[in-house]
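Okay, so here's the structure we're looking at.
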Amino acid sequence: MFDRYILTDACVNNNKPKDPPETNAYFRRNYCVQELRWAIEHFIQIQPVIRVEDKQNIGNIISQAPVDLKFLADIDFIHLDRSDKDYFDLGVTKIHRVIDKDRDIFFTEEMIQKYKESQKLLKESNQDRDSDEDSDPNSKKHSEFLIFHKNTVEELEKKLEDSEKLRDKEKERRIELNKKHFETKKNELSKQMISIERKSMGILHIQDSSSETKKPTRLRRKSSYK
């Protein structure tokens, strides 16, 4: 499995242009951060992608990341240039190359260790947060909502997986039905051909028999004497 994330610095939200640009930065959005953590929890390959406008701001973007996600700076970023079709296509090609690579190429011993260290740092951070939540009910509600969101996402993913399995089974069933239908038609056609051949042989046999039994007609010559 593979996940790619477009990391952005402060930017304008075209749907809500009045929002402060800094609130739209990737690591300022709680659910974006949570999705990254779920990917790390399940050892899913992550590929950071940035806009060409943010190419010089990678350091600033990573500085906004929580401590457990700062290791993402060690992964090569791929930038997309939407102002130039050729460069944009090149960026997409690079992403496809990463997707097509074997999972083991990404998950070296070093990367596995970084994922584990990230999980450890998050656990420590959560323990500190839990101690604060006892005195902050709003923080507790937010954590509960995040858990609910995670469970909802996992439930939807499970339904999608089940749906894909059902689709594959239906596809296999239809293939088998088509095979059976083809074999049935093939057998029917074969029987028809045999029947036609037999009828043909029967007609020929009758014709041959009639030609053998038929005697030639002898012409009688008229006598010239009276």
- Task: Output ³J(HN,Hα) for the range 180-195: one whole-Hz value per residue in order, computed from phi by the Karplus curve 6.51 cos²θ - 1.76 cosθ + 1.60 with θ = phi - 60°, and x for Gly and Pro.
- Result: 4, 4, 5, 5, 4, 5, 5, 5, 4, 5, 5, 5, 4, 5, 5, 4
- Message: Just to be sure I follow: if Rg is taken over the C-alpha atoms of the range 2-135 and Rh is the Kirkwood radius over the same atoms, what is Rg/Rh?
- Response: 1.00
- Go ahead and run the numbers for FRET between His42 and Ile95, Cβ-Cβ distance against an R0 of 35 Å, rounding to 0.05. 0.95
- Note on the structure: Taking 0.36 nm per residue of separation between Glu124 and Lys18 and subtracting their Cα-Cα distance, the length gained on full extension comes to 34.5 nm
- Message: Given R₀ = 25 Å, what would the calculated FRET efficiency be for Phe88 paired with Glu117, taking r from the Cβ atoms and rounding to 0.05?
- Response: 0.15
- The pairs in Lys55/Lys120; Lys55/Lys85; Lys85/Lys165 lying past 27 Å Cα-Cα in this model are Lys55/Lys120; Lys85/Lys165
- Which parts of the range 53-73 would a label at Tyr31 reach, counting a residue when its backbone N lies under 18 Å from a point 7 Å out along Cα-to-Cβ? none
- Query: Between Lys70 and Lys165, what is the spin-label point distance in nm, taking each point 7 Å from the Cα along the Cα→C-beta axis?
  - Reply: 4.2 nm
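Every read-out reported here was derived from the displayed coordinates using simple, explicitly stated rules and does not represent laboratory data. These figures come from a predicted structure and were not determined experimentally. A quick note on method: Cβ atoms are made from the backbone with ideal geometry, for glycine too, and the neighbour counts reach across all protein chains shown.
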